[in-house]
1. If you average the alpha carbon positions of the stretch B:74-153 and of the stretch A:36-53, how far apart do those two centres end up, in angstrom?
2. With 10 angstrom as the radius, rank B:187, A:79, B:22, A:249 by how many other C-beta atoms surround their C-beta, starting from the fewest.
3. Pick from A:154, A:232, A:172 the residue whose mean-square fluctuation is largest in a GNM of chain A, springs joining Cα atoms under 10 Å.
4. Treat every Asp and Glu Cβ in the protein assembly as shown as -1 and every Lys and Arg Cβ as +1, leave all other atoms uncharged, and give the resulting dipole magnitude about the Cα centre to the nearest 20 debye.
5. Using a Gaussian network model on chain B with a 10 Å cutoff between Cα atoms, which of B:92, B:24, B:218 fluctuates the most?
6. Near residue A:60, within a Cβ-to-Cβ distance under 13 Å, what is the net charge of the other residues, with Lys and Arg +1 and Asp and Glu -1?
7. Only counting other Cβ atoms within 10 Å, I'd like B:246, B:145 sorted with the fewest neighbours first.
8. In the Gaussian network model of chain B, springs joining C-alpha atoms below 10 Å, which of B:14, B:84, B:125 carries the largest mean-square fluctuation?
There are 2 protein chains.
Amino acid sequence: MLARTSGPLTGIVTHLLERPGKRLRPILVILAASLGEADPRAIIHVGAAVELIHLASLVHDDIIDGAKRRRGRPSVAAKWGNHTAVLIGDYLWAQAYMLLTCQAQYGVVGTMSEAIADMCQGELTQLASLYDPSGGEEAYLTRIRLKTASLFAACCRAGAQLAGLDPACTDALADFGLQLGFAFQLKDDVLDFTASARTLGKPVGSDLRRGILTLPALRLLDDSQHGPMLRACLEARRFARGELRRLYKAAQDSGAVTYALQSAGSRLQAARRQLLSLPPAWAREQLLDLVESLAAAYP
Amino acid sequence: MLARTSGPLTGIVTHLLERPGKRLRPILVILAASLGEADPRAIIHVGAAVELIHLASLVHDDIIDGAKRRRGRPSVAAKWGNHTAVLIGDYLWAQAYMLLTCQAQYGVVGTMSEAIADMCQGELTQLASLYDPSGGEEAYLTRIRLKTASLFAACCRAGAQLAGLDPACTDALADFGLQLGFAFQLKDDVLDFTASARTLGKPVGSDLRRGILTLPALRLLDDSQHGPMLRACLEARRFARGELRRLYKAAQDSGAVTYALQSAGSRLQAARRQLLSLPPAWAREQLLDLVESLAAAYP
């Protein structure tokens, strides 16, 4: 499937591609590009490239997070070791760029490179602020913009660039992607408080345990009853098992989870508004449907 | 210095850029491009990009090798941890691609992407063949082609592409780079047997201890006196301190080191031949000087 893949790589790449995930990012490229006239081969190359970029970031994230499972099976880091996972991620970056440069315009390569740099900055900022609530909601929103929303925006912008859309439509689509990305990450972070390991395909409740402060946790800090307990755990940089369970329940009971979902809801509303600013088209309706699916999705 | 670098990144990127290294790869780009007419800004962008690509690979290699020192100071992995090092490497890849797409042609981006994919495959193959001498010299040469020589070749090819040289000259330059890269890695591998930690800026004798079989080690396997000892160590996947010292000495005394240096010498001869097939020019003389410097260099 990938060019020049041979030797010890083949088995690992196959392991990764066998569970394809939602392919949300390529869908954004394809639908954005379908709002104008784009070369179908270029769309396919860029769509495949963004999925590889996402996959590379997952492989490296699983090293950083020490995650054992991904998409319901062992992560590359868990199965082949961190060292191999570093190289497989790098290899996937290179393959993604080969696809990007096959057909695409420079603008698209630049858009994607900026999004990748943002992803790295987002993850680094997250790593630098573990157990540290001082930046509050604003710092959290900056982190998720960099680590998630920026790539969603880049997918939409790249699609628009391929289709040669005018600057106003391109910017509207990029902002749609950004808002969708915010909502996606907000909901994903809520899921860590509410889902079961079975539906998630990876361990639940791992964010807080690892010191990653998402919006429900930050909101819970203001809760008069459970805020002090959470603050004490963060200062100690550890959670007892019973404490974690109580904090999850408190996040749901206190309205902290609802607050985060409302924040996701306003992002989805902003995403809808951007789409409705575009001329009516089949692809626009598909993107609106995508917003509605995310709105209706968990929890 | 790098676009969009802020927050926790700044200190780490500064740490990396303060010890610039030899900058051999950008020199290859610049000299190859100087054999024709290239836009100076494009040369600078591509030259900077290849150095960042090299730097990214070093940062990731230091995770894989568990290396504590690099260029006479702590490696990023040692100073900030493996997790940060994964992200810093990724960030440098993205910055390199931003530079490549600033000015350069598609051809150059493709050339570099293929070289990066080769580097990853080379490192993966090395990781998969630790302590395993079965592939012999041929497998070793494939590994160093992928992990080192391919990027050297890509630097020369990219320079030629920027300068718009004809296909014959472009291929000759790329093969020159390939041969130079082979010689460079062969000599670097010998250095592990002969240098002191002081001149190397990183621990000596670490290849063999970590199970990486370079040409002197592979050659030593055929030595009637020390081959069996080396083979036994490889089977046990460990070396006692005294054994390592004796094996290093044996590699020098038995001619195994000389054999590897002769192999480097023939590669340098092939590199010279390719250069002499090009029309005389100032840049060609500079490249020839570079070959002579490497020929005269250690040990």
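Every read-out reported here was derived from the displayed coordinates using simple, explicitly stated rules and does not represent laboratory data. Quantities reported herein were computed from a predicted structural model and do not represent experimental measurements. Here the Cβ positions follow ideal geometry from the backbone for every residue, glycine too, while neighbour counts run over all protein chains shown.
1. Rounded to whole Å, the Cα centres lie 25 Å apart.
2. Fewest to most other Cβ atoms nearby, the residues stand as B:22, A:249, A:79, B:187.
3. Of A:154, A:232, A:172, the Gaussian network model singles out A:232 as fluctuating most.
4. Its charge dipole is roughly 1800 debye.
5. B:24
6. -4
7. By the 10 Å Cβ count, ascending, the order reads B:246, B:145.
8. Ranking B:14, B:84, B:125 by mean-square fluctuation puts B:14 first.
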